[in-house]
Amino acid sequence: MNILLPIETINREIDFKIVLAGLLADSNNTIYLGQHDFLMKILPKFKNGGIYVGKNIFNKRADIEKGEKYHLLKKFGFDIVYLHEEGGVFAGDKNNWITVLKSQYNIDYFDENDAVCVWGDFQNKVDTDRNIKGKVPVITTGHPRFDLCKEKWHFIQDSKIENIKSMYGDFVLINGNYGLANHGLGIDYVFSDKGNYNVVNEVERLKRVDFFSYSSKQLLSMIQLTHYLAIKFPDLNFIYRPHPSENHSYYKTVFSGVKNIIVSHDGPILPWILASQAIIHDGCTTAIEAALSGVPVINYKPESNLETDIWLPNQMGVKAASIDQVVEHVHNAINGKINVPFESNPNQNAISEILYNFKGDSFEALLNVIDTKISGKKETPHATINSTAVSITYYKSILKSIVYPILKPKKAKELQYHATKFYGIDEKEFNDKIKKIANILDKNISVKYHNSKLIEIN
């Protein structure tokens, strides 16, 4: 069975999809892990269809999406196991969460051969209530990338953690989460259809403007905090990690020349969390990952607004409303005095309702869904993809990335933005991780590295 595992943002997705590929690998399955657009380009090259596991089939918000990619996958015999990368980290109250969830995808596109996997029972109810046709099963699985934060999978990160510690010593990780105030595609994207800005709906328009205003204030507060901490703790490094959707050069400018502030978005976030003394955030998913990893979390929020605060990550760790409070928490963290176990969280039931990972094994749940789809799909003769065809498509994409900015200079920023999110799969790093996974699973896994956008595993 051909199984496609698309990747949009390497640093967020690569590790859990390597593990998922390892878990799925056997003599009956061939897994293709690759850049999501590249997988769509080579779709006609796959014989006998298969299963697509991911979220990159819709480009626009639900009310204007045409479903071209979905229909193309169906044309070539692929069923979809849909799992969104953002299923529970939303601003405002539950009514706003429901609005955002409904804007992500139109559940009516899916048929009875697909499956929609969701982060938790809250999202499950939202999708079940709007699944009027009742064709597609909606299944709570959580998201496997959060399972990687649990101790059983930490071995994958050992060498990277060691490298980070040897390079930066003791440090606190500070996370940017200001994709609206500091988007990598600029302000024109934030206020466009592509950026999910709905100018004709006054309520939605004001929500966007309010959140943009609030996010901008929080962004400046986090920059201010980081400068103060660098002076208060001159022997401690502060790694400022921008969100994948942000303009990274912005931070390099505002922190330029400060020796103990380093702006870095190098590799997946988990080894940085595990190597750190603590993490500081404001509504960032990293707080969830750190909490699951057992690393101290400091939630800095100088100004609180229930309509724009992001609830789920802000339930993690200790809270601070002033720079002095953060300084105290950092001091406690580096001296081992912050320990906030999830079991003591008064909102643990509500948290688990939004994110299944706090009460169950997401890899196991998602594998059950995929295995069910495999067993229900008609068996077809096994056929490998044509390597020459893959190479031609790859070099065409490389040529386009060189020529396109010259012919269409206005598109240069967009290409650079996407290149920041997907900069190519490193063959050595991939092989190191898949070998560790094969060893722990006691499997003989073979790998074919086609190019930096596509790897074949079986």
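Listing for the model above:
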read-out	value
Antiparallel %, DSSP beta bridges [both residues in the chain], to 5	25
Entries in Lys17/Lys150; Lys75/Lys378; Lys102/Lys133; Lys74/Lys373; Lys135/Lys194 that, when Cα-Cα distance is taken, lie over 21 Å	Lys135/Lys194
Long-range HN-HN contacts of Ile7 with modeled amide H, under 5 Å	Gly34, Gln35, His36
At R0 = 22 Å, FRET efficiency that the Cβ-Cβ distance of Asp432 and Asp26 yields, to 0.05	0.50
Normalised contact order of the chain, rounded percent, pairs of Cα under 8 Å and 6 or more residues apart	22
Residue among Met167, Phe422, Val297 farthest towards the positive dipole end of the chain, charges placed on Cβ	Phe422
Set of lysines near Lys232 by C-alpha distance (under 29 Å), chain-local residues within fewer than 8 positions excluded	Lys160, Lys165, Lys217, Lys252, Lys259, Lys301, Lys319, Lys337
Among the listed pairs Lys66/Lys413; Lys55/Lys421; Lys359/Lys433, those beyond 18 Å (Cα-Cα)	Lys66/Lys413; Lys359/Lys433
Descending semi-axes in whole angstrom, ellipsoid equivalent of region 1-114, from the Cα gyration tensor	26, 18, 12
With all protein chains modelled, accessible area of His227 [1.4 Å, Å²]	60
Label of the coordinate-derived value, P(r) over Cα pairs in 10 Å bins from 0, in percent, listed as (1) 4, 18, 27, 24, 16, 8, 3, 1, 0; (2) 4, 19, 27, 28, 17, 4, 1, 0, 0; (3) 4, 20, 31, 28, 14, 3, 0	(3)
For region 1-142, size of Cβ-based charge dipole, Lys and Arg +1, Asp and Glu -1, in debye	400
Nitroxide proxy distance, nm - points 7 Å out along Cα→Cβ at Asn349 and Lys194	4.6
Carbon and sulfur %, accessible surface of the chain computed with the full protein complex present, 1.4 Å	51
Calculated [θ] (222 nm, deg cm²/dmol) that DSSP helices of n ≥ 4 give over the chain, each run adding -39,500 (n - 2.57)	-13500 deg cm²/dmol
Euclidean distance of C-alpha centroids, region 286-351 and region 192-266, integer Å	18
Extension gain (nm, one decimal) between Tyr449 and Glu307, 0.36 nm per residue minus Cα-Cα	46.5 nm
Cα shape, region 51-154, gyration tensor, a/c 1.5 rule	oblate
19 Å reach of a label modelled at Val327, 7 Å along Cα-to-Cβ, counting backbone N of region 195-238	221-238
For peptides 288-296, 210-218, sequence by mean Cβ density within 10 Å, most packed first	288-296, 210-218
Kirkwood Rh and Cα Rg combined as Rg over Rh, evaluated for region 318-458	1.11
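The values are calculated or read from the model by the stated rules, or taken from the named source; none is laboratory data. Please read these numbers as outputs of a predicted model, since none were measured by experiment. Don't worry about glycine lacking a Cβ; one is built from the backbone with ideal geometry, like all the others, and counts go over all protein chains shown. Side chains included, ligands, DNA and RNA excluded: accessible areas come from the protein's heavy atoms. Shrake-Rupley method; radii C 1.70, N 1.55, O 1.52, S 1.80 Å.
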